[in-house]
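Q: Have a look at this one before I ask anything.
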Amino acid sequence: MKGVDDIKVWRNALTELQECVKSVKGSEDEIFMRLKFSFDRLPNEKIKNCFLYCSLFHEDYLFKREELIEGWIDEGLMDGLRSREAAYDRGHAFLDVLEKNSLLERHLGRAIKMHDVVRDMAIRSIGPGVGYMVKTGMKLIEVPNEHGWARDLKKVSLMANDIAKIPVGLTPKCPTLSTLILSDNPLTEIPKSFFEDMSGLKVLDLSGTHVEALPSSTSKLKYLSALRLRGCERLKCLPSLEKLVALKKLDLRWASIEVVPQGMEMLTSLEYLDLIWTNLKEIPTGILSKLSSLQYLVVTSERGIHSVKINLEEVARLRKLEILECNFGDMQDFNYLLKEFENFQSFIAYQLLVGTEMDHNKDIHNPNYKCRLIISECDIGEECIVLPDKLQQLRIHKCKNIRSCLNKTVLSENATELGVCVISDCEETEYVVELDSSFSSSCKPVLDKLEQLRLWDLPRLWALVRMEGVATPPRVFSNLRILHLEGCSGMRKLLPLELLQAFQNLEVIEVDSCEQMEEIIASSDSDASSDKFSFTFPKLERLQLWRLPQLKSICSAKGVMVCDFIVQISIKECPELKRIPVQLPMLDNGQPSPPPHLTGIWINRPSKEWWESLEWDHPNAKNILQPFLIIF
């Protein structure tokens, strides 16, 4: 078909191809039977049903692992487990079985995909008369008429079509229908009577539709256990939920509701409530206290403008909570919740924002770090920042009266997992930590476990560590892998010489837009010696130095950096830098060779004179490294 641009010829080719597929039915049956063999050998019916659930989604749909497991929970395939963590654990175990049997495949890291051929096998395995209607991604502009809705239907998926309207008066008679998926359609209106004869409905998914309201018949779905309305940006109100006593999941993320639905306090079975980025201003007192079964509660800001007012005393009494995301007005509110919760050990994940909503342009959101604390625009003063159990990521943003950030932190007994610390826009911060006689022993575990330290826009930051009256400095930052500084305009020297041994696990050093930065490794009086000496970074892979107009040296004129695993060196707008002191491996003949893992030396449009004047540790180094030079 190369060079053919006539639509009629393409349509004819498609018809011929479809006929060709039908003509090789025997081959198709052979493939089907081999895949069916894998399906039939799955250990139990629950895993088989988990697999068949994936066929309700359109071709090439990419599942997030947690999203898929949540779908299985909604379907009742994880029933009998006491906690959400146990359900997730079983779900991951099921996923591993399905992957090992080649019925699901890993895609781009953590995503899950069902191959088109496997999906066809799944749909054929269901077979006629089992009660599935799957018409996904077929560009349908209307739902099937009443004759298309068989009375014995159990699951219907019409997701990802072009259905904008359901005809008035359409009332499918499907009393055994348990799952109805209409997500990702431009659906604007649902007739009042549409759900009248769907009395057995348990899962209703309208996510990503344009509905502005739900019909009153929704209130009669007394067996409904999951109502998914995520991304219904035009949805402003819901009918009364008073009679939906079986409801376990209510997902209103990115909906435009302005008030809590009527009757929500009656949902005593509710386990999952997602209200992130709605137009809610508050959850009235007396509602959360009734939802004693909640395991998952996400209530954050109104479209990122301000926090949703909630009763913290009621949140503190939700003893089954395992996932929590909410805002606190100030440190006092936050400390109150920490005091009321005996510990956070039962949590799978949490994100706690203290203070005002912040700009997320420079946020670090790594899915591997599920427990986060963000403190934004708070006056710390004499307050201590108590770090809850399981905390993995800490961000301190635009806080006042905080000279040494990590000196203000106090660990709870089980808070030993902090991996990332981000400190930004704190105008009074001078040090990350001060080591002196009053140094709190509870702060040391924070420094010992930390893997990433990111410092942004701290104009008065003078040093990472200040030491005063400490004879033997404690070993701090011993697990630090990534050190990133940007916009720290007052800092002149990055790594203190007396603590250099503490930074032996560094893999990445990035320094950007620090106007006064003169040295990366601070010099000492012993540098006056005529003998060469070395600084060893056994794991350093990336050295990036950008926009440092005063940077004169990376280390002392007699010093060299031993970086056997260096992969990339990147230099941009450092006009005063005259020497790159990376020691090159030496061959038996005495000549240098490139570092074995080096992929590139990135230089931002240097002048020829600057490049020619650049000094290396060996006179032949420039010629050896010329093939690795990349101008950007």
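Q: Being over 27 Å from the mean Cα position of the chain (by Cα) and more than 20 Å from Val203 (Cα to Cα) narrows it down to one residue among Ile257, Ile287; which is it?
A: Exactly one of Ile257, Ile287 is over 27 Å from the mean Cα position of the chain (by Cα) and more than 20 Å from Val203 (Cα to Cα), namely Ile287.
Q: If a residue counts only when it is of a type in the set (D, E, K, R) and within 27 Å of Asp79 (Cβ to Cβ), which strands (runs of 3 or more DSSP E) contained entirely in region 202-260 have at least 2 such residues?
A: 249-251
Q: Moving on to the next point. Any idea which residue in region 479-501 is surrounded by the fewest Cβ atoms within 10 Å (Cβ to Cβ), counting only those that are aliphatic (A, V, I, L, M) and part of a helix (DSSP H, G or I)?
A: Leu500
Q: Being of a type in the set (Lys, Arg), in contact with a helix residue (DSSP H, G or I) (Cβ under 9 Å, 6 or more places away or on another chain) and either surrounded by fewer than 15 Cβ atoms within 10 Å (Cβ to Cβ) or within 24 Å of Cys378 (Cα to Cα) (or both) narrows it down to one of Lys309, Lys339, so name that one.
A: Lys339
Q: Give me the pairs: first residue in region 125-143 and basic (Lys, Arg), second residue assigned to a strand (DSSP E or B) and modelled with pLDDT of 80 or more, beta-carbon distance under 8 Å, and six or more apart or on different chains, which are they?
A: Correct list of pairs: Lys135/Ser157.
Q: Could you list, in sequence order, all residues of region 78-104 that are closer than 18 Å to Tyr296 by Cα and hydrophobic (A, V, I, L, M, F, W, C)?
A: Listed by number, the residues that qualify are Met78, Leu81, Ala86, Ala87.
Q: Among the listed residues Leu187, Leu180, Leu108, which satisfies the condition of being touching a strand residue (DSSP E or B) at 6+ places or on another chain (Cβ under 9 Å), at pLDDT 95 or above and farther than 21 Å from Gly76 by Cα?
A: The unique qualifying residue is Leu187.
Q: Another question, if that's okay. Tell me whether region 117-138 contains one or more residues that are in a helix (DSSP H, G or I), more than 21 Å from the chain's Cα centre (by Cα), closer than 25 Å to Leu229 by Cβ and aromatic (Phe, Trp, Tyr).
A: Looking for residues that are in a helix (DSSP H, G or I), more than 21 Å from the chain's Cα centre (by Cα), closer than 25 Å to Leu229 by Cβ and aromatic (Phe, Trp, Tyr), one finds none in region 117-138, hence no.
Q: Which condition does Glu271 not pass, out of (1) over 20 Å from the mean Cα position of the chain (by Cα); (2) crowded, with 21+ Cβ neighbours inside 10 Å; (3) over 18 Å from Ala87 (Cβ atoms), if it passes all the others?
A: Answer for Glu271: the failing condition is (3).
Q: Another question about this same structure. Restricting attention to region 92-116, which residues are closer than 21 Å to Lys155 by Cα and assigned to a helix (DSSP H, G or I)?
A: Within region 92-116, Asp116 is the sole residue that qualifies.
Q: Only one of Gly169, Gly137, Gly208 is surrounded by fewer than 20 Cβ atoms within 10 Å (Cβ to Cβ) and under 26 Å from Asn49 (Cβ atoms). Can you tell me which?
A: Exactly one of Gly169, Gly137, Gly208 is surrounded by fewer than 20 Cβ atoms within 10 Å (Cβ to Cβ) and under 26 Å from Asn49 (Cβ atoms), namely Gly137.
Matching residues to (1) touching a Leu at 6+ places or on another chain (Cβ under 6 Å); (2) among the hydroxyl-bearing types (Ser, Thr, Tyr); (3) surrounded by 22 or more Cβ atoms within 10 Å (Cβ to Cβ); (4) not in a loop (DSSP other than H, G, I, E, B):
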site	(1), (2), (3), (4)
His147	no, no, no, yes
Ala150	no, no, no, no
Leu153	yes, no, yes, no
Val156	yes, no, yes, yes
Asp162	no, no, no, no
Leu180	yes, no, yes, yes
Leu187	no, no, yes, no
Lys192	no, no, no, no
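Q: Which members of region 102-124 meet the condition of being without any contact (Cβ under 8 Å) to a residue 40 or more places away in the chain and in contact with a His (Cβ under 7 Å, 6 or more places away or on another chain)?
A: Glu105
Q: Quick check on my filter: what residues within region 594-621 are exposed (fewer than 12 other Cβ atoms within 10 Å of the Cβ), out of contact with any strand residue (DSSP E or B) (no Cβ under 8 Å at 6 or more places or on another chain) and at pLDDT below 90?
A: Of everything in region 594-621, those that are exposed (fewer than 12 other Cβ atoms within 10 Å of the Cβ), out of contact with any strand residue (DSSP E or B) (no Cβ under 8 Å at 6 or more places or on another chain) and at pLDDT below 90 turn out to be Ser607, Lys608, Glu609, Glu612, Ser613, Pro619.
Q: Can you confirm whether region 470-484 contains a residue that is touching a Pro at 6+ places or on another chain (Cβ under 9 Å) and either at pLDDT 90 or above or in the same structural domain as Ser556 (by TED's automatic domain parsing) (or both)?
A: No; the residues of region 470-484 include none that is touching a Pro at 6+ places or on another chain (Cβ under 9 Å) and either at pLDDT 90 or above or in the same structural domain as Ser556 (by TED's automatic domain parsing) (or both).
Q: May I ask you to list the residues in region 611-621 that are within 42 Å of the chain's Cα centre (by Cα) and in a helix (DSSP H, G or I)?
A: Matches in region 611-621: Trp611 only.
Q: Of all residues in region 194-205, which are farther than 19 Å from Glu271 by Cα and either hydrophobic (A, V, I, L, M, F, W, C) or surrounded by 18 or more Cβ atoms within 10 Å (Cβ to Cβ) (or both)?
A: Phe194, Phe195, Met198
The values are calculated or read from the model by the stated rules, or taken from the named source; none is laboratory data. Note that the structure is a prediction, hence the values are computed from the model and not measured. Reconstructed Cβ throughout: ideal geometry from the backbone, glycine too, with neighbour counts over all protein chains shown.
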